[in-house]
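The values are calculated or read from the model by the stated rules, or taken from the named source; none is laboratory data. Remember, predicted model here, so these are calculated numbers, not experimental data. Reconstructed Cβ throughout: ideal geometry from the backbone, glycine too, with neighbour counts over all protein chains shown.
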Amino acid sequence: MAGKGAAGPGLVWYLPCIDSYALVDLRTRVEVIPTQEMITRDSVTISVDAVLFYYITGSLHATIQISNVHESTLFIAQTTLRNVVGGKTLHELLTSRESLSHEIGIAVDRATEKWGVRIERVALKDINLPEILHRTMAAEAEAMREARAKIISAEGEVLASQALKEASDVMAKNKITLQLRHLQILTSIAHERMVTIYYPFPLEILTPFETRKKGGCVSTDSLMPILKPRTEIKSAMAATASNQTDEE
């Protein structure tokens, strides 16, 4: 400070015995706000760590208006942090940290404006919760995830039941569709493991293969011998051979 006002930056002349000066750093300054333990509006004890970013815009006011501008700015930031956090609930602190930092920065800037100090921002480093509260919140989150999973599973069951109902209605109108579905199920079972499946042979399948003759047709009853077991066919052949021997 030279004469009646601020001088600089640059080369400044002063008289050692008459003038006095004070150097003011106009660069951005970073101050770590000590850990503050406080109680939220919903009676939860927490500790908050924050960082303050500010710079001096009026070197004359920062020198004349207050004796130690840096220490005073830090104290104002601490008290403002306690007041703002104490008026919030724990949920608001955890979900809206950016808006909380902005609110604290505006409040501190209003208090230090007369000292020629400009607050850039107040950043919340960490919000520390008690250990028992950590376990409670983890249990609550786990319960919410389980409830959401049950709801999704129930919705899937409803959709599956509706699809099965529509499929059953379609199969009820066409019996061939139901038989094809049975064959598809058997194919999937056979692919999974080596099993032997006994499946009844419907005679209706032979209907398209009926042979027609003059004056009538051969029914599926005439095709029954081809469906008999091999042992019955052998016994029938043996009986025919014995009859031929008796006739001779």
### Message
Suppose we filter Glu157, Glu120 for residues that are part of a helix (DSSP H, G or I) and at negative phi; which single one remains?
### Response
Glu157
### Task
Could you list all residues from the stretch 18-35 that are closer than 27 Å to Val48 by Cβ and assigned to a loop (DSSP other than H, G, I, E, B)?
Arg27, Thr28
### Query
If you check Leu94, Leu60, Leu15, which single one turns out to be under 36 Å from the mean Cα position of the chain (by Cα) and either in a helix (DSSP H, G or I) or loosely packed, with under 15 Cβ neighbours inside 10 Å (or both)?
Leu94
### Query
Condition test on Glu103, is it surrounded by 13 or more Cβ atoms within 10 Å (Cβ to Cβ), free of Cβ contacts under 8 Å to residues at least 24 places away in the same chain, out of contact with any strand residue (DSSP E or B) (no Cβ under 7 Å at 6 or more places or on another chain) and assigned to a helix (DSSP H, G or I)?
yes
### Query
out of contact with any strand residue (DSSP E or B) (no Cβ under 8 Å at 6 or more places or on another chain) and under 30 Å from Leu133 (Cβ atoms): does that describe Ser43?
yes
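Looking only at the stretch 36-45, which residues are assigned to a strand (DSSP E or B) and touching a residue at least 12 places away in the same chain (Cβ under 8 Å)? Step through it out loud before you land on a result.
Residues of the stretch 36-45 that are assigned to a strand (DSSP E or B), as a first pass: 36-39, 45.
Hits for the stretch 36-45 are Gln36, Met38, Ile39, Thr45.
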### Query
Name the pairs whose Cβ atoms lie under 6 Å apart, with the first residue in the stretch 132-143 and without any contact (Cβ under 8 Å) to a residue 60 or more places away in the chain, the second not in a helix (DSSP H, G or I), and 6 or more positions between them or separate chains?
none
### Message
Consider the stretch 44-78. How many of its residues are closer than 13 Å to Gly105 by Cα and in contact with a helix residue (DSSP H, G or I) (Cβ under 9 Å, 6 or more places away or on another chain)?
### Response
7
### Query
Taking the stretch 107-124, which residues are under 34 Å from the mean Cα position of the chain (by Cα) and either under 23 Å from Ile39 (Cβ atoms) or not assigned by TED's automatic domain parsing to the domain that holds Ile39 (or both)?
Val122, Ala123, Leu124
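For the stretch 122-152, how many residues meet the condition of being surrounded by fewer than 16 Cβ atoms within 10 Å (Cβ to Cβ) and either closer than 30 Å to Phe53 by Cα or in contact with a Phe, Trp or Tyr (Cβ under 7 Å, 6 or more places away or on another chain) (or both)?
Keep residues of the stretch 122-152 that are surrounded by fewer than 16 Cβ atoms within 10 Å (Cβ to Cβ), which gives 125-126, 128, 130-152.
Filter once more, keeping what is either closer than 30 Å to Phe53 by Cα or in contact with a Phe, Trp or Tyr (Cβ under 7 Å, 6 or more places away or on another chain) (or both): 125-126, 128, 130.
Residues that pass the stated criteria total 4.
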### Message
Quick check on Val51: is it touching a His at 6+ places or on another chain (Cβ under 9 Å), at negative phi and touching a residue at least 24 places away in the same chain (Cβ under 8 Å)?
### Response
no
### Task
Taking Gly87 as the residue in question, decide whether it is at positive phi and either in the same structural domain as Trp115 (by TED's automatic domain parsing) or not β-branched (Val, Ile, Thr) (or both).
no
